[in-house]
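The values are calculated or read from the model by the stated rules, or taken from the named source; none is laboratory data. The model shown is predicted, which means the values in this text are computed figures rather than measured ones. Ideal geometry is used to build each Cβ from the backbone, glycine not excepted, and the neighbour counts take in all protein chains shown. Just the protein is used for accessible areas: all its heavy atoms, side chains included, with ligands, DNA and RNA removed. Shrake-Rupley method; radii C 1.70, N 1.55, O 1.52, S 1.80 Å.
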Protein chains: 2
Amino acid sequence: MTMWLSLLIGLVLTCTAHTQPALALEPAGVIDPLPSWNEGRAKHAIGEFVANVTQPDSPDFVPINERIAVFDNDGTLWGEQPLSFQFLFALDRVKTLAPQHPEWKTKEPFASLLKGEVQDILLGGDRAILEILMAMHAGMTTQEFEKVVIHWITTARHPKTGRLYTELVYQPMVQLLAYLRANGFKTFIVDGGGVEFMRPWMERVYGIPPEQVVGSSVKTKFELRDGKPVLVRLRELNFIDDKASKPVGIHLHIGRRPIAAFGNSDEDLQMLQWTTDGSGGKRFGLIVHHTDAAREWAYDRTSSIGKLDKAWDEAKTKNWTVVDMKSDWKNMFAFEP
Amino acid sequence: MTMWLSLLIGLVLTCTAHTQPALALEPAGVIDPLPSWNEGRAKHAIGEFVANVTQPDSPDFVPINERIAVFDNDGTLWGEQPLSFQFLFALDRVKTLAPQHPEWKTKEPFASLLKGEVQDILLGGDRAILEILMAMHAGMTTQEFEKVVIHWITTARHPKTGRLYTELVYQPMVQLLAYLRANGFKTFIVDGGGVEFMRPWMERVYGIPPEQVVGSSVKTKFELRDGKPVLVRLRELNFIDDKASKPVGIHLHIGRRPIAAFGNSDEDLQMLQWTTDGSGGKRFGLIVHHTDAAREWAYDRTSSIGKLDKAWDEAKTKNWTVVDMKSDWKNMFAFEP
């Protein structure tokens, strides 16, 4: 009951912006806004939180302009195995550009990448991947890079499943994004991936516009080329949006503290801490735990990708919701029968 | 006719988000959404542009999610004389904190500031002011700094007029912001001022939320203080959002090209170039020209504050709208009789 009512109230609140009208809606039928979630603790906790912060007579009511929700991307909204998808993009780019760069055969990190040896780069995390992409695309305009990303994301296939990468987004999370927005939330991405890698497709896939994507970035420079203004990608990192930098990125970009945060690994620990330690009021933290080796992958404390260890322990003491993908998610992908 | 119809269509479009419904509205009466603007070329150009990009059957129609408008703040939305208001904030802070810093009597730039000698700092622009604020507030948490800003903006008085600084916002521009939003635009600030100086009051005064404020910034660091997460201001600049950096800031933060830009000085030249050189479609550039010495200040080509020279010349060749404050604005401030 709470959930569909919140949804309806949310839809109206979204349209009336900052006002909070007294409502007396008679629903035509009960619609579950989260049909891919099994009934259980996680789904219940989500519905309860949304009701608490959106019902005008609730002691935990939050005005609509302060309803900020932040989502990690890799491993939270879409997959990240056998390598983060941005890493697979970088690998594809190295292969595509290698014929123009015979020197890469002996030059690191390209030599290792061309041989498929990725272990060292994995240890370097998002920074290492961004540095590779940066090196390959320095001097390119931002518009040219955007075209490269759009071509890849609409044609490249995931090595294990043969699917387009955008088919590997988790349906329960896409529904959760829509459910929060219907309740007046502004949904943001806060991820270690490059902003220029994420923005070109996220609006279409998640309904999240470019201006609500916070990520890592390289520096760019404004120039007039033949009288036409362009932004050129430089070979210099601007910001790496991981771990303790996630709250920094949130502050820099969003400028106020979220009331809900969603992640899946220790990379999200500080974002969860920053979000849920707001001064008073209900706050919500959620961790997606990869437990489903049949439909996807199962990994946590010892994984070299998406390691979930400290944040999992802290979830217990901080009362964050931990989603068991195997039991909490009825459907995982849109292509499932 | 065009303007109120656009306003009504805009209100409905805002509520229906990405859909473009066929409308047949009968207005109850003709409401001028820009009552502080005199009829004339500038007002007409604004109404025409909005109609062109919002009417569904227009060849220049722009989908609602791409209606991004960017506004400079100093000299465009509020005054900037006799010094930029952030500079006056910095001066007040120097005086307030001086008793705890006897060494400032002989240490630059504080010694000059305490004597009221500001010429050297003026030459350094937004960067010089931000460096002073940064030096004074290093080690402070972002929440502490926000309190300082809120106290100042709600109590400090402008030296010439004795008004609160927020009373010195231009009513025609506040109406313009609301008019664009009613037509489905997302309005952003893109200014050289510090984001942490601007965000705490802009939502209340302009209706622009923190996440839509792009500005200069200092670096911050995430820490746990007594187990509580905080962000600490460091003594290191992060980004200066002026001149050729404005398109960089727009790309970094908004991630897509605006379709309308509003400024008042050569500081806004590249932002205007970047915005109005979009690939195809109607784009809008506007420059506020300070021509009214009676109600405010009159300055342009030779001013050390808000110099308008190159951008004014380029306005002619690029067909940007130049607002003559004296003749185009019926009312300037809300407190006028």
Only one of A:Thr142, A:Thr96 is open to solvent by 50 Å² or more (accessible area, probe 1.4 Å) and either more than 16 Å from A:Arg233 (Cα to Cα) or touching a Lys or Arg at 6+ places or on another chain (Cβ under 7 Å) (or both); which? A:Thr96
Answer yes or no: is there a residue in the range B:211-230 that is at the interface with chain A (Cβ under 7 Å from one of its Cβ atoms), part of a helix (DSSP H, G or I) and either of a type in the set (D, E, K, R) or crowded, with 19+ Cβ neighbours inside 10 Å (or both). yes
Just give me the residues in the range A:30-44 being assigned to a helix (DSSP H, G or I) and crowded, with 18+ Cβ neighbours inside 10 Å, in sequence order. A:Ala42, A:Lys43
Quick test of your reading of the structure: B:Glu80 fulfils all but one of (1) of a type in the set (D, E, K, R); (2) modelled with pLDDT under 95; (3) part of a loop (DSSP other than H, G, I, E, B). Name the failing condition by number. (2)
Selection within the range B:199-226 - among the aromatic types (Phe, Trp, Tyr) and free of Cβ contacts under 8 Å to residues at least 24 places away in the same chain: B:Phe222
Is there any pair with a first residue in the range B:66-78 that is farther than 10 Å from B:Asn264 by Cα and within 14 Å of chain A (Cβ to nearest Cβ) and a second that is in a strand (DSSP E or B) and of a type in the set (Gly, Ala, Ser) whose Cβ atoms are under 6 Å apart and which are 6 or more apart or on different chains, and what are they? B:Ala69/B:Ala260; B:Val70/B:Ala261
Confirm whether B:Ile150 is more than 8 Å from chain A (Cβ to nearest Cβ), aliphatic (A, V, I, L, M) and in a helix (DSSP H, G or I). yes
Please determine, by comparing only the residues of the range A:55-74 that are assigned to a loop (DSSP other than H, G, I, E, B) and in contact with a strand residue (DSSP E or B) (Cβ under 7 Å, 6 or more places away or on another chain), which one is surrounded by the fewest Cβ atoms within 10 Å (Cβ to Cβ). A:Arg67
Is there a residue being open to solvent by less than 20 Å² (accessible area, probe 1.4 Å) and closer than 30 Å to B:Phe49 by Cα anywhere in the range B:152-168? yes
Looking at (1) part of a helix (DSSP H, G or I); (2) in contact (Cβ under 8 Å) with a residue 12 or more places away in the chain; (3) not hydrophobic (A, V, I, L, M, F, W, C), which is the only condition B:Lys160 fails? (1)
Every residue from the range B:48-65 that is aromatic (Phe, Trp, Tyr) and under 24 Å from the mean Cα position of the chain (by Cα): B:Phe49
Is it fair to say A:Glu236 is more than 22 Å from A:His290 (Cβ to Cβ), part of a strand (DSSP E or B) and out of contact with any helix residue (DSSP H, G or I) (no Cβ under 9 Å at 6 or more places or on another chain)? no
Selection status of A:Lys307, out of contact with any strand residue (DSSP E or B) (no Cβ under 7 Å at 6 or more places or on another chain) and over 30 Å from A:Ser58 (Cα atoms): yes
Filter the range B:179-188 down to residues that are within 23 Å of B:Ser265 (Cα to Cα) and within 11 Å of chain A (Cβ to nearest Cβ) and give me whichever is surrounded by the most Cβ atoms within 10 Å (Cβ to Cβ). B:Phe188
Total residues in the range B:83-104, condition over 24 Å from the mean Cα position of the chain (by Cα) and not in a loop (DSSP other than H, G, I, E, B): 10
I need the full set of residues from the range A:256-278 which are in a loop (DSSP other than H, G, I, E, B) and surrounded by fewer than 24 Cβ atoms within 10 Å (Cβ to Cβ), in order please. A:Arg256, A:Arg257, A:Ile259, A:Asp277, A:Gly278
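Listed here are the residues, each with its yes/no results for (1) in contact (Cβ under 8 Å) with a residue 12 or more places away in the chain; (2) in a helix (DSSP H, G or I); (3) open to solvent by less than 20 Å² (accessible area, probe 1.4 Å).
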site	(1), (2), (3)
B:Gly280	no, no, no
B:Leu286	yes, no, yes
B:Ser304	yes, no, no
B:Trp312	yes, yes, no
B:Ala315	yes, yes, yes
B:Val322	yes, no, no
B:Phe333	yes, no, yes
Just one listed residue, out of B:Leu176, B:Leu122, B:Leu168, is touching a Phe, Trp or Tyr at 6+ places or on another chain (Cβ under 6 Å) and touching a residue at least 40 places away in the same chain (Cβ under 8 Å), and it is B:Leu168
So how many residues does the range B:125-157 have that are in contact (Cβ under 8 Å) with a residue 60 or more places away in the chain and polar (S, T, N, Q)? 3
Criterion first (open to solvent by 10 Å² or more (accessible area, probe 1.4 Å), within 11 Å of chain B (Cβ to nearest Cβ) and free of Cβ contacts under 8 Å to residues at least 40 places away in the same chain) does A:Glu196 satisfy it? no
Note on the range A:237-255: residues under 19 Å from A:Lys310 (Cα atoms), within 16 Å of the chain's Cα centre (by Cα), open to solvent by 10 Å² or more (accessible area, probe 1.4 Å) and at the interface with chain B (Cβ under 9 Å from one of its Cβ atoms) are A:Lys243, A:Ser245
How many residues does the range A:99-126 contain that are surrounded by 15 or more Cβ atoms within 10 Å (Cβ to Cβ) and charged (D, E, K, R)? 1
State yes or no: is B:Gln171 out of contact with any strand residue (DSSP E or B) (no Cβ under 7 Å at 6 or more places or on another chain), surrounded by fewer than 19 Cβ atoms within 10 Å (Cβ to Cβ) and either away from chain A (no Cβ under 13 Å) or closer than 26 Å to B:Ser36 by Cβ (or both)? no
